[in-house]
């Protein structure tokens, strides 16, 4: 099974590389194809709802049908989506390619590919491919690889402008990258084929989980719903807040986001060491607490570059705790339910993060810093709820087992 993790690392690299440039070019391609801003928003909104349903389906089917098979199916969907957008810019093709194929839908700066319909199928395979005491380290490496691949993929988004300067039409230039994404999807399919999955290998040996399935999903759903509200306040409006507060443009903001992506990569590798010292839950609470302090200080930053530095610190500490959270969530769930736990536990955040941008946007003319303080409020509540829900439940590798007599 140790060979599996290498193929999972390679699959994450390909997916993050492709997602990074597609997230940038997809809305720009729609604009060049003649869609209005309202139509682009509608396409992204509908495709977002389709993705939410797909994540739920992956969670259930992955546990029943097999996680490897689900990843293979998702790679084929992405391949078809890339080919579809390469040949047609019809609205229904755009919706299906984005919603089912993951075209143009990313997880934000520093996410490392820890997002989307593949994630609920990928996480259990990671857990089953490494020893118990190496899980956090494996999740950290996976995200580290994803961040670096995503940073490289972001550079590819500049190719259409270069092609246009050499005589290509904008549509043709963008469509060439959709065909390239189809080729990467085929590569994702091929690197998934060698993965070995034995659904019965661990289920028969493992002790009962510390929380029943429904109770675990309920606690995760509560904490993630609060976190989704916070993300919705901050993520979609942060660049606009930078623009309104400091009068900066895309060049300056782009520099900060590049620094954030690179700076947030390495803490993923340090998470396992910190988790061994503090434990998984305390690692998540401490790192997110420091992240929240950095977020609050942004509201008083006297300059854009100081605000950018504080935002970078926030994302660094978020990255430091993320592998511990992922490993812990998989560790306290029964192996036969892991895809469902990953999917259903995260669905509330995907729903709530659709709500708060509208609220934040409507209040910004009255209170400019509402994205910062709205995110601080709900992420703070998330932190309290997470500690309350899990502080007395150790991860499996933290349980002291009696010595044999």
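In this structure, residue 187 does satisfy being in contact with a helix residue (DSSP H, G or I) (Cβ under 7 Å, 6 or more places away or on another chain) and part of a helix (DSSP H, G or I). Residues that are surrounded by fewer than 22 Cβ atoms within 10 Å (Cβ to Cβ), touching a helix residue (DSSP H, G or I) at 6+ places or on another chain (Cβ under 8 Å) and more than 30 Å from residue 278 (Cα to Cα) within segment 336-366 comprise 351, 352, 354, 355, 357, 359, 361, 363, 364, listed in sequence order. Within segment 32-56, residues that are under 29 Å from residue 345 (Cβ atoms) have Cβ atoms under 8 Å from residues that are modelled with pLDDT of 80 or more and outside any helix (DSSP H, G or I) in these pairs: 43/35; 51/117; 54/117; 55/117, counting only partners at least 6 apart in sequence or on another chain. Taking the criterion of being more than 27 Å from the chain's Cα centre (by Cα) and farther than 20 Å from residue 87 by Cβ, the residues of segment 147-190 that qualify are 161, 162, 165, 166, 167.
The values are calculated or read from the model by the stated rules, or taken from the named source; none is laboratory data. No experiment lies behind these values; they were computed from the predicted model shown. Cβ atoms come from the backbone with ideal geometry, glycine included; neighbour counts cover every protein chain shown.
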